[in-house]
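*Asks:* My structure is below; once you've seen it, I'll send some questions.
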Amino acid sequence: MKLVFATNNLYKLSELKDMLPEEIELLSLSDINCHEELLETQNTLEGNAMQKASFVYQNYGYNCFADDTGLEIEVLNNDPGVYSARYAGLHCSADDNIKKVLRKLSGVNNRIANFRTVIALIIDGKEECFEGICKGKITFSKYGEQGFGYDPIFNPDGFGQTFAEMSKLEKAAISHRGRATKELLEFLKRN
């Protein structure tokens, strides 16, 4: 089975390739000659994921899936949430986003947070959504060099290290994206 992962994030693509069984051939946007920036103009993770998957399906004709992920911090009313990738501004870096979170949490002891991923799948015109959540806490500073985004400041519950201190396989076993991907795979096996 060929499936397009509608993302321009090469790290996400690599992370998911490692999780999928051999019988699923994962194609990137560049593999199908899609070089447009996929819009995320919805106000929910579900909406953004489905918007990206729908664009690829309608314009390129491939069965595909897309995801959207948000870091939800309890004391910040679940911000940055759907705006996680651009929390510090439209053309900000991951480091800019991390600095803004740490600044907003300065002097705050409640560091409870969770990562939430929604994967939207379209196969032969049928739409499905899958969700994965990983609970944890925001650290007081950055730790680790692996991963991307907020990984250096997210410490998943039950672990003594951040996502950025874990290998891809360790992270995938417990992460929000790993959990949503497991739901996706179970669905694909049943159908």
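Per-residue answers, yes or no, for (1) more than 13 Å from the chain's Cα centre (by Cα); (2) of a type in the set (D, E, K, R); (3) surrounded by fewer than 18 Cβ atoms within 10 Å (Cβ to Cβ):
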residue: Ala6; (1), (2), (3): no, no, no
residue: Ile24; (1), (2), (3): yes, no, yes
residue: Glu36; (1), (2), (3): yes, yes, yes
residue: Gln51; (1), (2), (3): yes, no, no
residue: Phe65; (1), (2), (3): no, no, no
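*Asks:* Could you give me the residue pairs with C-beta distances under 9 Å whose first residue belongs to the range 156-167 and is in contact (Cβ under 8 Å) with a residue 12 or more places away in the chain and farther than 16 Å from Phe140 by Cα, whose second residue is crowded, with 18+ Cβ neighbours inside 10 Å and of a type in the set (Ser, Thr, Tyr) wherever it lies, and which are 6+ apart or on separate chains?
*Replies:* Met166/Ser175
*Asks:* Give the range 11-22 a look and list any residue that's among the hydrophobic types (A, V, I, L, M, F, W, C), assigned to a helix (DSSP H, G or I) and either surrounded by fewer than 19 Cβ atoms within 10 Å (Cβ to Cβ) or modelled with pLDDT of 95 or more (or both), or say none. Quick ask: steps written out before the conclusion?
*Replies:* Going residue by residue through the range 11-22, those that are among the hydrophobic types (A, V, I, L, M, F, W, C) are 13, 16, 19-20.
From the residues that got through so far, the ones that are assigned to a helix (DSSP H, G or I) too are 13, 16.
Residue satisfying the conditions is Leu13 alone.
*Asks:* Sticking with this one: Taking the range 168-191, which residues are charged (D, E, K, R) and in contact (Cβ under 8 Å) with a residue 24 or more places away in the chain?
*Replies:* Lys168, Lys171, Arg177, Arg179, Lys182, Glu183
*Asks:* So which residues in the range 163-175 are assigned to a loop (DSSP other than H, G, I, E, B) and either of a type in the set (A, V, I, L, M) or over 16 Å from the mean Cα position of the chain (by Cα) (or both), if there are any at all?
*Replies:* Within the range 163-175, the first condition is being assigned to a loop (DSSP other than H, G, I, E, B), and the residues that meet it are 166-167, 175.
Hits for the range 163-175 are Met166, Ser167.
Here's the yes/no breakdown for (1) at negative phi; (2) more than 14 Å from the chain's Cα centre (by Cα); (3) among the hydroxyl-bearing types (Ser, Thr, Tyr):
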| site | (1), (2), (3) |
| --- | --- |
| Gln146 | yes, yes, no |
| Gly149 | no, no, no |
| Pro152 | yes, yes, no |
| Gly158 | no, yes, no |
| Arg177 | yes, no, no |
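*Asks:* Follow-up question, since we're still on this one. From Val75, Val118, Val108, grab the single residue that is among the β-branched types (Val, Ile, Thr) and assigned to a loop (DSSP other than H, G, I, E, B).
*Replies:* Val108
*Asks:* Can Thr69 be described as surrounded by fewer than 18 Cβ atoms within 10 Å (Cβ to Cβ), under 27 Å from Lys137 (Cα atoms) and hydroxyl-bearing (Ser, Thr, Tyr)?
*Replies:* Spelling it out, it is not the case that Thr69 is surrounded by fewer than 18 Cβ atoms within 10 Å (Cβ to Cβ), under 27 Å from Lys137 (Cα atoms) and hydroxyl-bearing (Ser, Thr, Tyr).
The values are calculated or read from the model by the stated rules, or taken from the named source; none is laboratory data. Everything quoted here is computed from the prediction, not taken from an experiment. Cβ coordinates were reconstructed from backbone atoms using ideal geometry, including for glycine residues, and neighbour counts include every protein chain displayed.
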